[in-house]
Amino acid sequence: MFRAFLKKIDMDLPFPNPSNIADPHLAAKIYYISKGIPFYVMKLMERATYFAALQGADQISEIHMAQALPKLKQVARPYVINPFTDMNFDLASAISSETDAEDRFKEKLMVNSKKSRRKKAAVEMGKAGV
């Protein structure tokens, strides 16, 4: 279904040559970045189209997508990698790495929060003369 969506986008791109964005390897990279959400796919394609047109290209390439990605606002995903610069990209590994990084960050926050609460409790106990 996702690759059919990409195939439709590819047909509508303003270039003489197909960009082959529905290719399984490239589609996996686009899926990773967008999480399959059409809004993010379209934003990526808009920016990549801009860079490809600016360079006079006959189709969008991974280089254009790599250039476009930093321009997208993905504040909620601070650990996302740029898959378009990785020729050995593996979707499952990338998702796992991102999830692991998020989990480590959350764990660190929880540890710091516990330390802060303990410190605050110790200060309160000191003020109470206990």
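The values are calculated or read from the model by the stated rules, or taken from the named source; none is laboratory data. Note that the coordinates shown come from a computational prediction; the quantities given were computed from them, not determined experimentally. Quick reminder, even Gly has a Cβ in these numbers, built from the backbone with ideal geometry, and neighbours come from all protein chains shown.
Descriptive notes on the structure:
- Lone unmet requirement of (1) surrounded by 13 or more Cβ atoms within 10 Å (Cβ to Cβ); (2) within 27 Å of K106 (Cα to Cα) for I9: (2)
- Only listed residue being hydrophobic (A, V, I, L, M, F, W, C), out of contact with any strand residue (DSSP E or B) (no Cβ under 8 Å at 6 or more places or on another chain), in contact (Cβ under 8 Å) with a residue 60 or more places away in the chain and surrounded by 15 or more Cβ atoms within 10 Å (Cβ to Cβ), chosen from A66, A94: A94
- In the range 83-102, of all residues being touching a Lys or Arg at 6+ places or on another chain (Cβ under 9 Å) and outside any helix (DSSP H, G or I), the one that is modelled with the highest pLDDT corresponds to F89.
- Considering only residues in the range 60-73 that are part of a loop (DSSP other than H, G, I, E, B) and not aliphatic (A, V, I, L, M), the one that is modelled with the lowest pLDDT turns out to be K73.
- Lone qualifier among A22, A28, A48 - being in contact with a helix residue (DSSP H, G or I) (Cβ under 9 Å, 6 or more places away or on another chain), under 16 Å from P70 (Cβ atoms) and not acidic (D, E): A48
- Residue identified as small (G, A, S), buried (at least 16 other Cβ atoms within 10 Å of the Cβ), assigned to a loop (DSSP other than H, G, I, E, B) and out of contact with any His (no Cβ under 8 Å at 6 or more places or on another chain) among A27, A22, A57: A22
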